[in-house]
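Written below as structure tokens is the structure these notes are about.
The values are calculated or read from the model by the stated rules, or taken from the named source; none is laboratory data. This structure is a prediction, so every number in the text was calculated from the model and none was measured. Reconstructed Cβ throughout: ideal geometry from the backbone, glycine too, with neighbour counts over all protein chains shown.
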Amino acid sequence: MLRLIILSILASSLCWSQESGRFTPASTNVWGAQYPRVDSAGSVQVRVKAPDAKQVKLNFWSGPKVDLSKEPDGFWTVTTAPLVPGLHYYTLVIDGAEVSDTNSQAFFGGGKYASAVEVPEPGSTYYSPSDVPHGQVREIWYNSKVTGSWRHALVYLPPGYDTSPKERYPVLYLQHGGGEDETGWVRQGHANFILDNLIAGGAAKPMILVMAYGYAHHAGQPVPDLAGKPFGSPEAMRAMQEMASAFEDDMTQALIPYVDSAFRTRADRDHRAMAGLSMGGMQTFQVTLDHLDLFSYIGGFSGAGSMVLADRKLDPRTDYNGVFAEPAAFAKKVHLLWVGVGTQEPERMRSGLQRLHTALDDAHIKHIFYESPGTDHEWQTWRRDLKDFVPRLF
């Protein structure tokens, strides 16, 4: 009997070893961690040691919520069904406590640091580091009288910035989404590599990229409180509008003047663009359409319009102070209006952006409407958005 048990354990270990051979450690792991692992089909293996746990669950935010199985050595394991390519946030739930996987790097999303696994997209290298000239990502701090605080942003400077001291560059202001921060477009989105590769291939002009912290409140005012307020409720809308108003003032009165003074920008509206994902897309529409004296390129990635347009169609005569009322005049001012969405995004979001697209068509407003096939409200959608948007600039 003992011999049979030993043979059974050995056979089980051999099967696990053969299965594991198809998998390789994810690029998002910490140094030396063998799990999570990913195979060519997009399945993910997660393994965590919790010998005293009674139950362990894997919680992918935009995918499966599955139970892990306990192995004799105290490790819990699971192999998921194939996931779509891209970066997937996840946490582990161990006996009811939600925790991060210490094998993964930490990424700020959902208002907290979480684990994530990168599932490669076969044949796609546009967001990977390549053997091309690379720009630099630098940190900046600027003192904002609008918020009464020091504010943080990341700035991508294109290849050649330091070696071409007489060259001046257009600027794209690129905003993160709700629950994320100014690090997201570099750490999760690989925006710097996307620009490096597009510039090297001649598909995009060299430009400066500014990624700012998207939360703000006016100096002396309380921080807008969203706790316990359902999305779309009047209370949540008021808090979001307060934050959006403060961010708009900070950006136009503090951030843009600072960037134009600290870097060699082409400081006019014809060489200034703004885009953002989700919440950042809504911020983009508010800031740019209120300040067409500052911007002439506009992009909304899975977020455009505003909270008040969430459940109704755009009225070009009145919304945004009537900027869409005269299509010819709008076309002279705005060189590009771009709206994107993933085909698998939540119905409310997808239908809202489709309504906006239809309303712009009905109003004869020239624009681009881009759909990312097969992707949800996630980074692969926004990476594709950036890849399509940037070559159209300047």
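Quick notes on this structure:
- The residue list 256, 194 contains one member that is at pLDDT 95 or above, under 22 Å from residue 337 (Cα atoms), of a type in the set (Val, Ile, Thr) and over 19 Å from the mean Cα position of the chain (by Cα), which is 256.
- Condition met for residue 97 (at pLDDT 95 or above and either in the same structural domain as residue 190 (by TED's automatic domain parsing) or of a type in the set (Gly, Ala, Ser) (or both)): yes
- Residues located in region 74-98, provided they are more than 18 Å from residue 23 (Cβ to Cβ) and exposed (fewer than 13 other Cβ atoms within 10 Å of the Cβ): 74, 95, 96, 97, 98
- Scanning region 330-344 for any residue that is at positive phi and among the aromatic types (Phe, Trp, Tyr) turns up nothing.
- Residue check for residue 189: surrounded by fewer than 17 Cβ atoms within 10 Å (Cβ to Cβ), within 21 Å of the chain's Cα centre (by Cα) and not acidic (Asp, Glu): no
- Selection over region 141-166 of residues that are outside any strand (DSSP E or B) and touching a Gly at 6+ places or on another chain (Cβ under 6 Å) gives a count of 2.
Listed here are the residues, each with its yes/no results for (1) assigned to a strand (DSSP E or B); (2) modelled with pLDDT of 95 or more; (3) within 18 Å of the chain's Cα centre (by Cα).
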site	(1), (2), (3)
76	yes, yes, no
81	no, no, no
84	no, no, yes
93	yes, yes, no
102	no, yes, no
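- Scanning region 113-140 for residues being outside any loop (DSSP other than H, G, I, E, B) and of a type in the set (Phe, Trp, Tyr) gives a total of 1.
- Set side by side, the residues 104, 124, 69, 130 differ, and just one is of a type in the set (S, T, N, Q), outside the structural domain of residue 159 (by TED's automatic domain parsing) and under 22 Å from residue 179 (Cα atoms), which is 104.
- Residue pairs whose Cβ atoms lie under 7 Å apart, separated by 6 or more positions or on different chains, with the first residue in region 167-181 and in contact (Cβ under 8 Å) with a residue 12 or more places away in the chain and the second among the acidic types (Asp, Glu), are 176/182.
- Within region 329-349, considering residues that are among the charged types (D, E, K, R) and surrounded by fewer than 22 Cβ atoms within 10 Å (Cβ to Cβ), the one modelled with the lowest pLDDT: 348
- Test: residue in region 273-283 that is without any contact (Cβ under 8 Å) to a residue 60 or more places away in the chain and surrounded by fewer than 16 Cβ atoms within 10 Å (Cβ to Cβ): no
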